[in-house]
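Here is the structure we will look at, set down as structure tokens.
Throughout, read-outs are computed from the coordinates displayed, never taken from laboratory work. Computed from a predicted structure; not experimentally measured. In this analysis, Cβ positions are derived from the backbone assuming ideal geometry, glycine residues included, and neighbour counts consider all displayed protein chains.
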Amino acid sequence: MPRVIEVFREVGIDVYTECFLLVDEYHILFNQYAFRNKSITKLLELASNFREKTFMTATPLCDEFMIQELRDMPVYEVT
């Protein structure tokens, strides 16, 4: 994601205000947090800068397994 953000900046686009970030299958972040911690931490850090963002999955996690950085985000369930 850092490279994508850099390319957008090079063409004059502020991704944090002009783009919507969608992270699909966010449950994988939990599954891989232990061995890809640096990458996931960076993704979450960059995501926090986006004005509009969504983390979604069809495989919901129990609250106890939610990554700490995502616990304060509102949760919506679509049936």
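Numbers for the structure displayed
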quantity	calculated
Zone residues, region 1-37, relative to C62, backbone N less than 20 Å from point 7 Å out along Cα-to-Cβ	26-34
Trypsin sites (Lys or Arg not before Pro) restricted to DSSP loop in the chain with at most 14 other C-beta within 10 Å	R36, R51, R71
Cβ-derived FRET efficiency at R0 30 Å, T79 paired with V4, nearest 0.05	0.35
Amide hydrogen neighbours beyond the local backbone of L21, cut-off 5 Å, H modeled	E52, K53, T54
For the chain, calculated [θ]222 nm from helices alone, where every DSSP H run of n ≥ 4 adds -39500 (n - 2.57)	-10000 deg cm²/dmol
For region 2-70, average projected area of the Cα convex hull in nm²	4.9
